[in-house]
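The values are calculated or read from the model by the stated rules, or taken from the named source; none is laboratory data. All values reported here derive from a predicted model rather than from experimental measurement. Here the Cβ positions follow ideal geometry from the backbone for every residue, glycine too, while neighbour counts run over all protein chains shown. Just so you know, the surface numbers come from the protein's heavy atoms only, side chains and all, with ligands and any DNA or RNA stripped out. Shrake-Rupley method; radii C 1.70, N 1.55, O 1.52, S 1.80 Å.
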Amino acid sequence: MPGTNSPDQEMHEQLKSAIRELCRDFPDRYWRELDEKRAYPEAFVQALTHAGYMATLIPKEYGGADLGVTEAGIILEEIHHCGGNAAACHAQMYIMGTLLRHGSEAHKREYLPRIADGSLRLQAFGVSEPNTGSDTTQLKTMAVRSGDRYVINGQKIWISRAEHSDLMLLLVRTTPADQVKKRTEGLSTILVDLRQAVGHGLKIRPIRTMMNHATTELFFDNLEVPVANLVGEEGLGFRYLLDSLNAERILIASECIGDAHWFLERASNYAKERVVFGRPIGKNQGVQFPIARAYANLEAARLMVARAASLFDEGKPCGAEANMAKLLAADVSWDLANIALQTYGGFGFAEEYDVERKFRETRLYQVAPISTNLILSYLAEHVLGLPRSY
Ligand SMILES: Cc1cc2nc3c(=O)[nH]c(=O)nc-3n(C[C@H](O)[C@H](O)[C@H](O)COP(=O)(O)OP(=O)(O)OC[C@H]3O[C@@H](n4cnc5c(N)ncnc54)[C@H](O)[C@@H]3O)c2cc1C
């Protein structure tokens, strides 16, 4: 019936207002001060965890809320819409999926309930390497089996939240690259207990970046990890990684939608209030048209994110939609970041208005977790059948 909300829509509205309520305790000032110190939003992550939101995707039997990527996306979007930044904790939502789909029952019983109740954090995902970049199948960090242990040597870069997580899901090579038939073979996923590893074969070095993002470089020097920590089968790690990427793209796209909405509201409000030449700047079509066009793009990107999330939750293929969602949402958030900065004029550069902070934060999504070029390349080759370029 027109005008009547479905039970799902009502639940989603309740979820949004609950997140807004939680975020009220973490206003702009909170994020601004952390940004200045490049400090981790510990109190925010604690609040989100204790309210159960970090367990959104964990099944009920392991103590989670058993909801879908649609609901996880709503949570992340609303955090960003409120001016916050969920990058401090979003990874747990999609890393956990690898454990859920490919981990043994013993792994799930051991870790998932404790991740759900917040006593254990699985926030770090170790994939990127300094010398191989986007060419993930060529990664070099090597795990060699020795009895009931793997001995790990190598280096990772841009591994976020490693200093604030108890566990890390690590993608390593278990068969040398010159001994595999296909480039995608020979990689494995291993759970590393960071509490035991740091100082015993693993060194973590923080990297200071243009925004407040707890990212690090990792150095492995004969780190020993029990073979029992292998997730799934040896050699299938790249396939497991691909499985988790759609969820990652949809969730990051949701954050971009939240950022875009924040920029849109701030730019519109400022354009109504700021009076120059005796009238609000928003009366000038040169100011209002970019905002109006970006609003249309934002709503279109939102539809693509919702479509990708619902396909994912129905268990249907969604590679094309997840990639397009990430592309469109990251583009609109970056476009609106520029529009908001332009609308604010000089004040946009002042830290106290938060536009410059959000501007720096949302810029990341043109590059990570996958860069725009690589999404375009995926769409060109795998969806449109154009010739392979690399
Ligand atoms: C703040 C931050 C946090 C991150 N967190 C994590 C994390 O927690 N875990 C993790 O594993 N990684 C993480 N990353 C790494 C991130 O996933 C990579 O930076 C990203 O995948 C791009 O890889 P790269 O930086 O090596 O760029 P490169 O692969 O070196 O690419 C550089 C540029 O060249 C372009 N390019 C490369 N090859 C092609 C091609 N064939 N065609 C067209 N263009 C091409 C790319 O689009 C890019 O713009 C993070 C990165 C940052 C900056």
If each part is reduced to its alpha-carbon centroid, the range 350-390 and the range 126-174 end up apart, in Å, by 23
When only alpha-carbon atoms count, how far does the chain stretch along each of its three principal axes, as whole angstroms with the largest first? 78, 50, 48
Of the accessible area of the chain, computed with a 1.4 Å probe and all protein chains kept, carbon and sulfur make up a percent value of 52
In the neighborhood of ALA47, defined by Cβ-to-Cβ distances under 12 Å, what is the net charge if each Lys or Arg adds +1 and each Asp or Glu adds -1? -2
Lysine pairs in the range 238-390 with Cα distance under 29 Å, only those 8 or more apart or on different chains: how many are there? 5
Length gained if GLU314 through ASN153 is fully extended, taking 0.36 nm per residue and subtracting the Cα-Cα distance, is 54.0 nm
Using a 1.4 Å probe on the protein heavy atoms only, what accessible surface does ILE291 show? Give it in Å² to the nearest 10. 20
Result for the chain: accessible area per residue, probe 1.4 angstrom, in square angstrom, of 46
The helix 237-273 Cα axis meets the longest alpha-carbon principal axis of the chain at an angle in degrees, between 0 and 90 and rounded to 10, of 20
Mind listing the lone cysteines of the chain, meaning no other Cys beta-carbon sits under 4.7 Å from theirs? CYS89, CYS256, CYS318
Spin-label proximity, ASN284 to the range 325-351 - amide N less than 16 Å from point 7 Å beyond Cα toward beta carbon: 339-348
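Placing +1 at every Lys and Arg Cβ and -1 at every Asp and Glu Cβ, with all other atoms neutral, what dipole size does the chain have around its Cα centre, in debye to the nearest 20? Intermediate values should be presented prior to the final figure.
On the way: 43 positive and 49 negative charges, 165 e Å.
The dipole magnitude comes to about 800 debye.
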Under 15 Å by backbone N from the virtual spin label 7 Å along Cα-to-Cβ at LYS16, the residues of the range 49-75 are 70-75
Where nothing but the Cβ of Lys and Arg (+1) and of Asp and Glu (-1) is charged, how large is the charge dipole of the range 191-321 around its Cα centre, in debye to the nearest 20? 1020
Suppose we look only past 28 Å in the calculated P(r) of the range 123-269. What percent of the Cα-Cα pairs does that tail hold? 24
Write down the radius of gyration of the range 56-189 and its Dmax, each obtained from C-alpha positions, in Å. 16.6, 51
